[in-house]
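The numbers here are math on the coordinates, done by the rules we state, and not lab data. Computed from a prediction, not measured in an experiment: that's the story for all the values here. Please note: Cβ atoms are built from the backbone with ideal geometry, for glycine as well, and neighbour counts cover all protein chains shown.
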């Protein structure tokens, strides 16, 4: 099988600003020293980070114990995540932080709450005692099925305080998907809400929990937050209102002194078919990874207001809305609703009103705002911003430059981060103030991380050839397994190359050593013997002035093996006709070569995306091939998008 070909050429380079570099947490000298240490002795580097960025009850003497595919980091250390996110900021030399905002929260209807570190500590201790009163003991699993409200963060931190691994199930999943995850984790308690708000209307959650718990289940108790104040049935001696339990709970709950390898959380990732994978992360290594990368990559300062737009139901929300940010004593902003409600400028209004300084979002969101037009962000003063970031999938160069120009006013470094649910934290990213950036490239590995690009045969690919992105050495935030399925863990992530983690992504590296992520290997298209990544064709399409967003998939073709089908969202006011199809086809051929020309271009007002902003390409592949849609679609942001695409196909 041929290796993945790199066709897209991007030559623009943006150097770090002098002023940002001068004030950065990690300056060029520091980063140079850390890179050298990380390359020479990654275990020593990460132990240094563990001792610098984490408070331990018992400091670890060990670093890594490795017997592939099982890793243990800092195994003799004792630690608590809740203590690191709360207690250490309100006691001793950091006691002044007790009245600092830990969480700024805004609901979709416009209601707001500001919770200080002292207040958050009190609420977490109380709910930790609530969990104990419901019979939750160390090691018991607690499922959280909630909207993006402060009580979700409180419940997470309460679980970590007593050593009860949490399993957050995104509040958009169906009752069937929820049941699968509850059963697999063996959850003892579910924390939910009557509902949340989405696009101006209440989104019910408690009814889905009731449906999921029909029949035999491990769940004994359900705690319900009154968010939407909808009328919901409450089962006697099983269901309890959050407020009622909190009224009588003690605010005194010492943090459990947990082994570093104690399970912290299970987070499920789903495929098109089969049992969802419960990705297991543990305590000390994960905390070291996210606390360190948050400090270095987001350059967190005491006066920052940091906003990551991800839902906490996804790994980005775990690592870079709550744990990594609060571990650094920073202020994190949470917003409950969609980006465009009630108006397309909601996000920019939030940034202006709260004085957001660091903004971390998904490329799909950026492309949505490109389609909506520049007039919406231009209505607001975004001068508080000093750092921008992207997460979730590769960002195409034109979206990167729009983000830089329109949102950052060419004054904000952009950290384009690559990582996964399985990696726990960021693996490849620019370090702001020290690394020159290239639009579309995640740039260089974080110190102590050792990625490589392999050929099909398991040999390092020669730049700029593309291949399979792997990680050759263990890292602290890495997954410790698939919950209850050691065989699947080994086969899925460690079965391709000996003692090497297979990411499932394609990538290439340029002559400066910069990594360019080309998308999931599953999405690679074989066109007449050429293996081409979807990201490059999508980037070529979006580089045309009429295109806001695109998604590319392959469909079976008798002659070429696979034919490229492009789903394109034009910018507002674009005249959509056969001429535009021809123009875009020629544009792709000119940008990356005739081999990548789409066989079919379909125009659409919107693409099918999850509520985390990822394009559901498997649905587009089914549509392009004329197949019935298979798999769970309950996480679609807008279920009507798929119906409209089918209708346009029939037309």
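Okay, here's what the table says:
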| quantity | calculated |
| --- | --- |
| Hydrodynamic radius (Kirkwood) for segment 409-536, which is based on Cα pairs only, to one decimal in Å | 15.6 |
| DSSP beta bridge pairing in the chain, given as percent antiparallel to the nearest 5 | 60 |
| Chain lengthening between residue 575 and residue 405 when straightened (0.36 nm per residue, less Cα-Cα) | 58.6 nm |
| Nearest 10 degrees, 0 to 90: helix 117-133 Cα axis against the chain principal axis | 70 |
| Estimated FRET transfer efficiency when R0 is 22 angstrom, pair residue 30-residue 383 (beta carbons, to 0.05) | 0.20 |
| Distance between modelled label sites at residue 176 and residue 488, nm, 7 Å Cα→Cβ extension | 1.7 |
| Stretchable slack from residue 341 to residue 59, in nm (0.36 nm times residue separation minus alpha-carbon distance) | 96.8 nm |
| DSSP beta bridge pairing in segment 79-198, given as percent antiparallel to the nearest 5 | 40 |
| 502, 567 arranged by Cβ crowding within 10 Å, fewest neighbours leading | 502, 567 |
| Read-out volume of the Cα convex hull per residue in Å³, derived from the coordinates shown; its label in (i) 149; (ii) 216; (iii) 335 | (i) |
| Distance in nm between pseudo-label sites at residue 217 and residue 244 (7 Å out along the Cβ direction from Cα) | 1.8 |
| Ranked 234, 478, criterion: other C-beta atoms within 10 Å, fewest first | 234, 478 |
| Value of [θ]222 nm, deg cm²/dmol, for the chain, DSSP H segments ≥ 4, -39500 (n - 2.57) each, nearest 500 | -8500 deg cm²/dmol |
| Where a label projected 7 Å from the Cα of residue 112 along Cα→Cβ would reach, residues of segment 338-364 with amide N under 11 Å | 350-356 |
| Whole-percent pair-distance distribution, where bins are 5 Å wide, for the alpha carbons of segment 1-117 | 2, 8, 10, 11, 11, 14, 15, 13, 9, 6, 2, 0, 0 |
| Estimated distance in nm for a label pair at residue 39 and residue 375, the labels positioned 7 Å out from Cα along Cα-to-Cβ | 5.2 |
| Over segment 186-329, equivalent-ellipsoid semi-axes from the Cα gyration tensor in Å | 30, 20, 19 |
| Within segment 141-163: backbone nitrogen closer than 19 Å to the residue 230 label point (7 Å, Cα to C-beta) | 144-152 |
| Relative packing of 131-140, 258-267, 219-228, which averages over residues the other C-beta atoms within 10 Å, highest first | 258-267, 219-228, 131-140 |
| Packing-based exposure ordering (other Cβ within 10 Å, fewest first) of 641, 553, 537 | 641, 553, 537 |
| Taking the chain and dividing mean pair separation by its residue count, relative contact order in percent (alpha carbons under 8 Å, at least six apart) | 15 |
| Backbone N under 19 Å from the residue 644 label point (7 Å along Cα→Cβ), restricted to segment 336-360 | 338-346 |
| Residue-span extension gain [residue 595 to residue 465] - 0.36 nm each, minus C-alpha spacing | 45.1 nm |
| Kirkwood Rh and Cα Rg combined as Rg over Rh, evaluated for segment 351-448 | 0.97 |
| Cα-based Kirkwood hydrodynamic radius, segment 274-334, one decimal, Å | 12.2 |
